[in-house]
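**Q** First, the structure itself, so that you have it in front of you.
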Amino acid sequence: MTYYDQISGGYKELHQEEQQKKIQIINQVLDIKETDLMLDVGCGPHFGNFNCTVLGIDPSIELLKQAVIPVALAKAEKLPFNDNTFDIVISVTAIQNFDDIKQGLFEMRRVCKGIMVFTFLKKAKNSKSIRELIDLYFHVEQIIEEDKDFIYITKYKNE
């Protein structure tokens, strides 16, 4: 049982409000179309309200039981989707928890054909290395400093 399975009973109370703030920012910044297909990596119960079709993955069975979108039990490091499946891939305050951040970022890049949005805790012990990996492998279009998180709006670097 994962940490998030253990805290799943109080997860919404602990995190919903702060997650919704970040999702509101993402909605304001992105031009999301009804025809877009979005993947939420580390979705938990998924607190988003996007005007498109959203699928989610998370390694916590207990959080997925609370999800309001179609979900799959999976880790970011091994996404069960074909290349270039999604128009948008988001990961809201989950990257710092990946077992292998670089592999998780590569997998999100593999399944995305458009924009990727990564948010992660400013105070995470691996925040600096996350920023360095994103800067190295992605074209950063915008960085937004939210209260507790960095929000990176990115595209895949083709060069």
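The values are calculated or read from the model by the stated rules, or taken from the named source; none is laboratory data. Not measured: the values here are computed from a predicted model. A quick note on method: Cβ atoms are made from the backbone with ideal geometry, for glycine too, and the neighbour counts reach across all protein chains shown.
**Q** May I ask you to list pairs of residues, at least six apart or on different chains, whose Cβ atoms are under 6 Å apart, with the first in the stretch 82-97 being touching a residue at least 40 places away in the same chain (Cβ under 8 Å) and of a type outside the set (Ser, Thr, Tyr) and the second being assigned to a strand (DSSP E or B) and surrounded by fewer than 21 Cβ atoms within 10 Å (Cβ to Cβ)?
**A** Sorted first by the residue in the stretch 82-97, then by its partner, the pairs are 86/37; 87/37; 87/114; 88/114.
**Q** Output the number of residues of the stretch 113-136 satisfying the condition of being over 14 Å from residue 98 (Cβ atoms), touching a residue at least 24 places away in the same chain (Cβ under 8 Å) and not aliphatic (A, V, I, L, M).
**A** Of the residues in the stretch 113-136, 4 are over 14 Å from residue 98 (Cβ atoms), touching a residue at least 24 places away in the same chain (Cβ under 8 Å) and not aliphatic (A, V, I, L, M).
**Q** Kindly state which strands (runs of 3 or more DSSP E) lie completely within the stretch 45-159 and contain at least 2 residues that are within 18 Å of residue 23 (Cβ to Cβ) and not polar (S, T, N, Q). Walk me through it before giving the result.
**A** On the way: elements: 53-58, 71-73, 86-92, 112-121, 138-145, 149-156.
Output list reads 53-58, 86-92, 112-121, 138-145, 149-156.
**Q** The conditions are (1) in contact with a Ser or Thr (Cβ under 6 Å, 6 or more places away or on another chain); (2) closer than 24 Å to residue 150 by Cβ; (3) at pLDDT 95 or above, and residue 37 fails exactly one of them. Which is it?
**A** Going through (1) in contact with a Ser or Thr (Cβ under 6 Å, 6 or more places away or on another chain); (2) closer than 24 Å to residue 150 by Cβ; (3) at pLDDT 95 or above one by one, residue 37 breaks only (2).
**Q** I would also like to ask the following. Any chance you could count how many residues in the stretch 82-124 are in contact with a helix residue (DSSP H, G or I) (Cβ under 8 Å, 6 or more places away or on another chain), of a type in the set (D, E, K, R) and exposed (fewer than 15 other Cβ atoms within 10 Å of the Cβ)?
**A** Counting residues in the stretch 82-124 that are in contact with a helix residue (DSSP H, G or I) (Cβ under 8 Å, 6 or more places away or on another chain), of a type in the set (D, E, K, R) and exposed (fewer than 15 other Cβ atoms within 10 Å of the Cβ) gives 4.
**Q** If you scan the stretch 139-150, which residues turn out to be surrounded by 15 or more Cβ atoms within 10 Å (Cβ to Cβ) and at pLDDT 95 or above?
**A** 144, 150
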